[in-house]
Amino acid sequence: MKKLMLLLSVVSVSPLFAAAVQAAPTKVMFFFDTEDFTCDESNDAIRDTAKILTEEGVKGEYNIVGYLARELVRLNRRDVIDALRPHAIGTQTLKHSVHPTVCERSDMANARIACANVLADEAEGVGMLKAAFGLQHIDYAVPPGNSWSYASLYAFADLGMTFYGGGGFAEDASAPSGAAGLVPPGNRRWGMWYCNLYQLPYDHIMALEELIPGGEGWKLPDFDQVLDRAAKLDGVVFSLHPHMVIKKAHWDGPNYRGANLVEWGQWKQVENRPKEVTAAFYRNFRAFVRRIKADTRFVFTDTLAEKTKLKPRVVITKQDLPAIKAALEKDFGAISSPASWCVADVFHAVVELLRGRTPGVPGKVHGFVYPPQGVMQPVVVKASDLAEAASWMDLATFIPPQIAVGGAKIGPADFLFAALEVLTTGANEVTVRPREQLGSFKNCPSLETVDIKGGWVIHSPELNGKLLDERLKLQLWTLRFE
């Protein structure tokens, strides 16, 4: 049976298997990276794509830069704001390419300051969106380029968001936009939670920019072929940068590549496309939407609708611990049975149980700031010392890389497995032996090879990509699947 997740992932399956599991329509979402605050003409494409979708009865996902929302108000673009009212509004950060970017704001050893910096910025950006569109809540975020920062992920969750679209660790970052065929299995995940956000990987079957007539040799994509590939999937996302409908290139290259190259308001303008090319895109876009609507293999959805379908979290009880312990000993990673839990969920639960409390419904969790360090040789720890260590544990922040238990310092995984042993057997002491502390990346291989610095030309040359890459990997304990 098809998984009823939202999503937007691509999985390579055989045609026979795909036909066998096709029990529900493939879900379709349109995402719009709505970001160009440097040219008012680009706003026309926001309005016009939104109107087309409204006329066709489809809700789009417009993830909008905070500075652009502010500009729409300043320019009194009520036509754009009104056109967007039927659609789902998300954030694409406060300032997109303006330096310091999200990653640059969190490019420091002190994670507390990094997270505070980013949270302050993104709260301001969300406030701009709420003010411009009269909204009470913003429920999803999309990063600019591959500007993925652990600090921004936690900030968006702290601001009450549920979804994160386009995070490359949830998709095959090697696949170019519009790549033919299906992405190899293993690099695309649906039903994936990471850093407290549901990850929505952008799709590479066809970028909507391919509907813009190009130069010599350009051909309109074959809709039948595109949708035949999409129909094999649980869900698919088609994405567009609206400014590219008007402009021949991205707006931020000449203005912000590597640094703030111009003064605010003195932006260099990218050449416009001929008006007939823009008009042709709108015709092609409408035709594509109608082609999907006419195909019973597909159903349109959106983040607002999908949020109502998310599974409720399940409390971890003491009775669950033997099964959890066995699962973690077999495969140290996300738990799928008897319910969906990440390793950090289990860590929180055993800490509460050691404190003599009943765990609550799993909530926000964190990974690590620094690599966890386990014991190098066997160490005996007492159950009473584990309980004492649990009493001072701060579960509202990052898990410490080492934990003092009695007279020894043990790793967080050492603590977790020792606690599980005590709680399931009633033992008064446990022998802690050297073991892997972080776990395996096999369920999310793209996270292990993430490359922040090399993935977006807008980044400052001074950006320490290695620090940010490492800290994304150190959030592995927050990974879980539904």
Next on the checklist: Among the residues of the stretch 106-114, are any on the phi < 0 side of the Ramachandran plot, of a type in the set (Asp, Glu), over 18 Å from the mean Cα position of the chain (by Cα) and outside any loop (DSSP other than H, G, I, E, B)?
Outcome noted: no
Next on the checklist: Against the definition (within 19 Å of the chain's Cα centre (by Cα), outside any loop (DSSP other than H, G, I, E, B), at pLDDT 95 or above and within 20 Å of Thr303 (Cα to Cα)), how does Ile138 come out, yes or no?
Outcome noted: no
Item to check | Matching residues, the stretch 106-137, being open to solvent by 10 Å² or more (accessible area, probe 1.4 Å), under 30 Å from Thr449 (Cα atoms) and of a type in the set (D, E, K, R) | outcome: Asp107, Arg112, Asp121
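So how many residues does the stretch 397-409 have that are hydrophobic (A, V, I, L, M, F, W, C) and more than 25 Å from Asn110 (Cβ to Cβ)?
So the answer is 2.
Conditions tested, residue by residue: (1) surrounded by fewer than 20 Cβ atoms within 10 Å (Cβ to Cβ); (2) modelled with pLDDT of 80 or more; (3) farther than 18 Å from Ala344 by Cβ.
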| site | (1), (2), (3) |
| --- | --- |
| Tyr164 | no, yes, no |
| Phe169 | no, no, no |
| Ala173 | yes, no, yes |
| Gly178 | yes, no, yes |
| Arg188 | no, no, yes |
| Cys195 | no, yes, no |
| Tyr198 | no, yes, no |
| Asp203 | no, no, yes |
| Ala207 | no, yes, yes |
Checklist entry - Has the stretch 25-34 got at least one residue that is touching a helix residue (DSSP H, G or I) at 6+ places or on another chain (Cβ under 7 Å) and in a loop (DSSP other than H, G, I, E, B)? => result no
Item to check | Residues that are touching a His at 6+ places or on another chain (Cβ under 8 Å), hydroxyl-bearing (Ser, Thr, Tyr) and open to solvent by less than 10 Å² (accessible area, probe 1.4 Å), drawn from the stretch 39-64 | outcome: Ser42, Tyr62
Checklist entry - For the stretch 71-85, how many residues are in a helix (DSSP H, G or I) and open to solvent by 20 Å² or more (accessible area, probe 1.4 Å)? => result 5
Checklist outcome for this item: Going through the stretch 340-384 in order, the residues found to be under 19 Å from Pro400 (Cβ atoms) and among the aromatic types (Phe, Trp, Tyr) are Phe347, Phe368, Tyr370
Next on the checklist: Just the residues that are open to solvent by 70 Å² or more (accessible area, probe 1.4 Å) and either touching a residue at least 24 places away in the same chain (Cβ under 8 Å) or of a type in the set (Ser, Thr, Tyr) (or both), please, taken from the stretch 357-380.
Outcome noted: Thr358, Val361, Lys364, Tyr370, Gln373, Met376, Gln377, Pro378, Val380
Next on the checklist: Quick check on the stretch 264-271. Is at least one of its residues farther than 24 Å from Leu53 by Cβ, aliphatic (A, V, I, L, M), in contact (Cβ under 8 Å) with a residue 12 or more places away in the chain and open to solvent by 40 Å² or more (accessible area, probe 1.4 Å)?
Outcome noted: no
Checklist entry - Residues in the stretch 237-283 that are in contact with a strand residue (DSSP E or B) (Cβ under 6 Å, 6 or more places away or on another chain) and on the phi > 0 side of the Ramachandran plot: how many? => result 0
Checklist entry - aromatic (Phe, Trp, Tyr) and either in contact with a strand residue (DSSP E or B) (Cβ under 7 Å, 6 or more places away or on another chain) or farther than 29 Å from Ala109 by Cβ (or both), is that true of Phe415? => result yes
Item to check | Evaluation of Gly57 against (1) at positive phi; (2) in contact with a strand residue (DSSP E or B) (Cβ under 7 Å, 6 or more places away or on another chain) (one fails), failing number | outcome: (2)
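Being touching a strand residue (DSSP E or B) at 6+ places or on another chain (Cβ under 7 Å), within 24 Å of Asp228 (Cβ to Cβ) and open to solvent by 60 Å² or more (accessible area, probe 1.4 Å): is that true of Arg290 here? Reasoning before the result, please.
Numbers: touching a strand residue (DSSP E or B) at 6+ places or on another chain (Cβ under 7 Å): no; within 24 Å of Asp228 (Cβ to Cβ): yes; open to solvent by 60 Å² or more (accessible area, probe 1.4 Å): yes.
Taking the combined requirement at face value, the residue does not satisfy it.
The rows are residues; the columns are (1) open to solvent by 60 Å² or more (accessible area, probe 1.4 Å); (2) in contact (Cβ under 8 Å) with a residue 12 or more places away in the chain; (3) among the polar types (S, T, N, Q); (4) within 26 Å of Phe163 (Cα to Cα).
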| residue | (1), (2), (3), (4) |
| --- | --- |
| His243 | no, yes, no, yes |
| Lys248 | yes, yes, no, no |
| Arg257 | yes, yes, no, no |
| Asp295 | no, yes, no, no |
| Phe298 | no, yes, no, yes |
| Leu304 | yes, yes, no, yes |
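Identify all residues within the stretch 307-323 that are in a helix (DSSP H, G or I) and exposed (fewer than 13 other Cβ atoms within 10 Å of the Cβ); write none if there are none. Let's see the steps before the verdict.
Step one: of the stretch 307-323, the residues in a helix (DSSP H, G or I) are 307, 318-323.
Residue satisfying the conditions is Gln319 alone.
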Checklist entry - Within the set of pairs 6 or more residues apart or between chains, which connect a residue that is under 21 Å from Arg313 (Cβ atoms) and open to solvent by 30 Å² or more (accessible area, probe 1.4 Å) inside the stretch 324-339 to a residue that is part of a helix (DSSP H, G or I) and at pLDDT below 95 with Cβ atoms less than 7 Å apart? => result none
Checklist outcome for this item: Given (1) open to solvent by less than 10 Å² (accessible area, probe 1.4 Å); (2) aromatic (Phe, Trp, Tyr); (3) closer than 27 Å to Tyr370 by Cβ, Tyr140 misses just (3)
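The values are calculated or read from the model by the stated rules, or taken from the named source; none is laboratory data. Note that the structure is a prediction, hence the values are computed from the model and not measured. A quick note on method: Cβ atoms are made from the backbone with ideal geometry, for glycine too, and the neighbour counts reach across all protein chains shown. For accessibility, only protein heavy atoms count, side chains too; no ligands or nucleic acids. Shrake-Rupley method; radii C 1.70, N 1.55, O 1.52, S 1.80 Å.
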